[in-house]
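Structure first, commentary second.
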Amino acid sequence: MKIALISGITVQDGSYLAELLLDKGYVVHGVKRRASSFNTQRIDHIYQDQHQTPVNFKLHYGDLTDSTNVIRIIQEVQPDEIYNLGAMSHVKVSFDSPEYVANVDGLGTLRILEAVRILGLINKTRIYQASTSELYGGLAENKNEKGMYDENSPFYPRSPYGAAKIYGFWITKNYREAYDMFACNGILFNHESPRRGETFVTRKITMATAAIALGHQDCLYLGNLDAQRDWGHAKDYVEAMWRILQQDVPEDYVIAMGETTYVRDFVRMSFAELGIEIEFKGEGVNEKGYVKACTNSLYQIEIGKQVIAVDPKYFRPTEVDLLIGDPTKSKTQLGWAPQYDLSGLVQEMVAMDVDRVKKDMMLKKAGFRAS
């Protein structure tokens with residue numbers, strides 16, 4: 001029975017990966033940061049408490065900024081596979097906390113690699129490092145002949161997050177070559193789900209769609225509507241992570257859908273799930289979105305009502321306008337085949353957020369504080 005250790009287990013990717021590995025018969029250990037409030041919502045269906053938790057799932061308090069803690073956990077767990085998903089992953093926020101993101105996302109990766117080396121686990125433990133499409137920086141001249149970014153495309157990060165992750169990428173590659181360690185980078189493009197954090201743009205959109213349709217919110221404020229991203233489902237992407245560590249030779253892989261969509265169109269798709277048509281008018285910071293039509297009797301919004309606006313505070317100091325990945329290697333070499341398309345992803349996210357808003361409204365009506 002294989003043993004896996006997942007940092008960042010309480011977030012979107014960590015929770016889906018834990019489910020996948022448990023289904024495959026793994027013993028799964030997760031690292032979570034100590035917090036004064038509960039932060040295990042995404043894994044509560046797996047983890048109950050120390051008396052009820054199945055023996056094949058265990059949580060450890062830890063932090064990637066603490067090398068002694070990292071060493072202790074790895075020594076105790078003796079994992080066959082480590083998935084380093086822990087990170088400060090909000091690009092906009094990384095401009096406000098550049099030192100912190102460097103410590104967690106950059107040096108945190110080094111601490112895991114060095115712990116495996118120090119503990120003499122090089123021949124036992126395989127390591128997956130969560131890299132990101134933000135490494136590329138969106139420069140058009142760095143795309144391949146297909147107009148996409150692949151494993152050979154040059155990097156040019158445009159944020160403290162991207163810069164920290166580029167250190168994580170190269171130190172992983174360095175330890176692989178210097179110590180013959182099975183350490184791989186998965187360069188994952190944007191992947192979303194109903195478990196996505198509420199401050200990320202896709203979830204922010206689907207939450208607002210539900211709230212506006214149900215009369216619980218008036219307007220959604222966004223940043224760069226012209227940004228284009230390659231969006232996939234996190235469920236598909238965690239399977240790619242697992243496949244990367246099952247190969248005979250450690251390599252790096254781009255995981256992407258190979259398609260790009262404007263933020264503006266993601267908004268349209270989200271509202272369309274509820275029978276609401278959005279029309280955009282204006283340009284730049286003056287662009288606004290209005291209700292053009294509403295064909296669903298459950299969500300009657302006034303025609304012509306403004307529901308989308310642009311707020312400059314959501315723009316990054318250096319914008320990345322377009323990211324699109326070339327998944328050829330991951331599909332041919334890993335045999336990876338995503339099961340979700342963007343339409344299915346949006347449908348699932350909107351449905352979940354409609355249920356959430358309805359529940360919150362019922363609780364509020366009953367005199368309880370909404371979640």
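The values are calculated or read from the model by the stated rules, or taken from the named source; none is laboratory data. Being a predicted model, the structure only gives us computed values, none of them experimental. Neighbour counts are summed over all protein chains in view; Cβ atoms, including those assigned to glycine, are modelled from backbone coordinates with ideal geometry.
When you scan region 161-185, how many residues do you find that are surrounded by fewer than 23 Cβ atoms within 10 Å (Cβ to Cβ) and assigned to a strand (DSSP E or B)?
Number satisfying all stated conditions: 1.
Looking only at region 325-346, count how many residues are surrounded by fewer than 16 Cβ atoms within 10 Å (Cβ to Cβ) and in a helix (DSSP H, G or I).
The total comes to 4.
How many residues, within region 301-321, are hydrophobic (A, V, I, L, M, F, W, C), part of a loop (DSSP other than H, G, I, E, B) and in contact with a strand residue (DSSP E or B) (Cβ under 8 Å, 6 or more places away or on another chain)?
Number satisfying all stated conditions: 2.
So, VAL101, is that one surrounded by 15 or more Cβ atoms within 10 Å (Cβ to Cβ), more than 21 Å from TRP242 (Cα to Cα) and touching a Ser or Thr at 6+ places or on another chain (Cβ under 7 Å) or not?
So VAL101 fits the description; yes.
VAL354 - would you say it is surrounded by 15 or more Cβ atoms within 10 Å (Cβ to Cβ), in contact with a Leu (Cβ under 8 Å, 6 or more places away or on another chain), assigned to a helix (DSSP H, G or I) and in the same structural domain as GLY275 (by TED's automatic domain parsing)?
Values: surrounded by 15 or more Cβ atoms within 10 Å (Cβ to Cβ): yes; in contact with a Leu (Cβ under 8 Å, 6 or more places away or on another chain): yes; assigned to a helix (DSSP H, G or I): yes; in the same structural domain as GLY275 (by TED's automatic domain parsing): yes.
Considered against the rule, which asks whether it is surrounded by 15 or more Cβ atoms within 10 Å (Cβ to Cβ), in contact with a Leu (Cβ under 8 Å, 6 or more places away or on another chain), assigned to a helix (DSSP H, G or I) and in the same structural domain as GLY275 (by TED's automatic domain parsing), VAL354 comes out as yes.
If you go through region 195-203 one residue at a time, do you hit one that is among the basic types (Lys, Arg), under 29 Å from GLY304 (Cβ atoms) and part of a helix (DSSP H, G or I)? Even if it seems obvious, please write down each step before you answer.
The initial filter retains those residues of region 195-203 that are among the basic types (Lys, Arg), namely 195-196, 203.
Next cut, under 29 Å from GLY304 (Cβ atoms) only: 203.
Okay, now just the ones that are also part of a helix (DSSP H, G or I), so 203.
Yes: region 195-203 contains one or more residues that are among the basic types (Lys, Arg), under 29 Å from GLY304 (Cβ atoms) and part of a helix (DSSP H, G or I).
For region 89-116, enumerate the residues that are touching a Phe, Trp or Tyr at 6+ places or on another chain (Cβ under 6 Å) and not hydroxyl-bearing (Ser, Thr, Tyr).
Within region 89-116, VAL91, VAL101, GLY106, LEU113 qualify.
Quick one: how many residues across region 1-31 are within 22 Å of ASN69 (Cα to Cα) and either surrounded by fewer than 19 Cβ atoms within 10 Å (Cβ to Cβ) or β-branched (Val, Ile, Thr) (or both)?
Residues meeting the conditions: 8.
Of the conditions (1) out of contact with any Phe, Trp or Tyr (no Cβ under 7 Å at 6 or more places or on another chain); (2) closer than 29 Å to PRO157 by Cβ; (3) touching a residue at least 60 places away in the same chain (Cβ under 8 Å), TYR83 satisfies every one except a single condition; which number is it?
Just one mismatch for TYR83, condition (1).
Taking strands (runs of 3 or more DSSP E) that fall entirely within region 253-300, which contain at least 2 residues that are in contact (Cβ under 8 Å) with a residue 60 or more places away in the chain and in contact with a strand residue (DSSP E or B) (Cβ under 8 Å, 6 or more places away or on another chain)? Even if it seems obvious, please write down each step before you answer.
Numbers: elements: 253-255, 276-281, 288-294.
Once the strands (runs of 3 or more DSSP E) in region 253-300 are filtered for at least 2 residues that are in contact (Cβ under 8 Å) with a residue 60 or more places away in the chain and in contact with a strand residue (DSSP E or B) (Cβ under 8 Å, 6 or more places away or on another chain), what remains is 253-255.
Just checking: which of the helices (runs of 4 or more DSSP H) contained wholly in region 62-142 hold 1 or more residues that are modelled with pLDDT of 95 or more and more than 19 Å from the chain's Cα centre (by Cα)?
In region 62-142, the matching helices (runs of 4 or more DSSP H) lie at 67-77, 98-101, 108-118.
The rows are residues; the columns are (1) under 22 Å from GLY138 (Cβ atoms); (2) modelled with pLDDT of 95 or more; (3) more than 14 Å from the chain's Cα centre (by Cα); (4) surrounded by fewer than 16 Cβ atoms within 10 Å (Cβ to Cβ).
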position	(1), (2), (3), (4)
GLU198	no, no, no, yes
LYS204	yes, yes, no, no
THR209	no, yes, yes, no
ILE212	no, yes, yes, no
CYS219	no, yes, yes, yes
LEU245	no, yes, yes, no
ASP252	yes, yes, yes, no
GLY258	yes, yes, yes, no
ILE278	no, yes, yes, no
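Test TYR156 against the criterion of being over 30 Å from GLY120 (Cα atoms) and crowded, with 23+ Cβ neighbours inside 10 Å, and give yes or no.
Judged against the criteria, TYR156 is not a match.
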